[in-house]
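Q: The following block contains the structure, expressed as structure tokens.
The values are calculated or read from the model by the stated rules, or taken from the named source; none is laboratory data. Keep in mind it's a predicted model, so treat the numbers as computed, not measured. Because the Cβ atoms are built from the backbone with ideal geometry, glycine has one as well, and the counts that use them run over all protein chains shown. All accessible areas refer to the heavy atoms of the entire protein, side chains included, with ligands and DNA or RNA removed. Shrake-Rupley method; radii C 1.70, N 1.55, O 1.52, S 1.80 Å.
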Amino acid sequence: LWSIGVIVSVMHPIIATFRLKKLIKRWEKQPSEKTMEVYKKTTGERKPPIAICSALATPMAVGLVHTKIYLPHEEYSEQELEMILKHELIHWERKDLWYKFLLLLARGIHWFNPFVYLMVKRANRDLEISCDGEAVKEKDMDYRKAYGLMILHEAERGLQRQAALTTCFTDGKRALQERLVEIMNGKR
């Protein structure tokens, strides 16, 4: 019984991620020159590929081994695009998708324990808060406000359920509230 629970708990999110990747592959297109200029300006030497996928509601990074950053559209201001790319690059540099995979395995092994589900949810929220904190580190209050508004704007575009092995800008009202409070708090 435990083994069946582990298989179902682990395979369900992995299958959902593969379905998402299949959907993305169908709608994926190359970014414009303007987007690529901002991307090159924002990134260092090492960087994951970037693509546009109109089937997505929010920007996200997908893929454990060959991570790719996806944008739902290119109608961002240069500052918004820079903020989004910086956020996703922080996830990529810190290998956060591997951390999410580890959380997925922990949840799978302890599928019967409701406290592990709460721990995984909290850990995913902390991942986003930590990434936001790094993105606004040493920035002034105006930048922090703009960053928070950008996150709200992306949340407004559509709160969709996040696939297990992706990073995503939105993950529920309470998580958004907590992220915005942390962004505006320059002390921590």
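Q: Which peptide among 108-120, 70-82 comes first, and what is the full order, when sorted by highest mean count of other Cβ atoms within 10 Å? Write down the numbers at each step before the final one.
A: Working: 108-120: 14.1, 70-82: 16.6.
Result, highest mean first: 70-82, 108-120.
Q: Taking only protein heavy atoms into account and a 1.4 Å probe, give the accessible area per residue of the chain in Å². Mind dumping the intermediate values first?
A: Working: 10930 Å² over 188 residues.
Heavy-atom accessible area per residue stands at 58 Å².
Q: Can you tell me the order of 18-25, 61-68 when each peptide is scored by its average per-residue count of other Cβ atoms within 10 angstrom, highest first? Please report the intermediate quantities before stating the final value.
A: Numbers: 18-25: 14.1, 61-68: 15.9.
Sorting 18-25, 61-68 by mean packing, highest first, produces 61-68, 18-25.
Q: Considering only protein heavy atoms and a probe of 1.4 Å, how much of the accessible area of the chain is carbon and sulfur, as a whole percent? Write down the numbers at each step before the final one.
A: Working: 6340 of 10930 Å².
With neighbouring chains kept in place, the figure for the chain is 58 percent.
Q: Could you work out how far helix 33-42 tilts from the main Cα principal axis of the chain, as a 0 to 90 degree angle to the nearest 10?
A: Tilt relative to the chain: about 80 degrees.
Q: Taking θ = phi - 60°, what integer Hz values does the Karplus form 6.51 cos²θ - 1.76 cosθ + 1.60 yield along the range 5-12, in sequence order, with x for Gly and Pro?
A: Along the range 5-12, the couplings run x, 4, 4, 5, 5, 8, 6, 4 Hz.
Q: Indicate, rounded to the nearest 5 percent, the antiparallel portion of the DSSP beta bridges found entirely in the chain.
A: On the way: 6 of 9 bridges.
Restricted to the chain, the bridges split so that about 65 percent are antiparallel.
Q: As a quick test, which of the pairs LYS47/LYS100; LYS40/LYS100; LYS100/LYS173 have an alpha carbon distance above 24 angstrom in this structure? Display every interim value, and only then the final one.
A: Details: LYS47/LYS100 20 Å; LYS40/LYS100 27 Å; LYS100/LYS173 21 Å.
Over 24 Å Cα-Cα: LYS40/LYS100.
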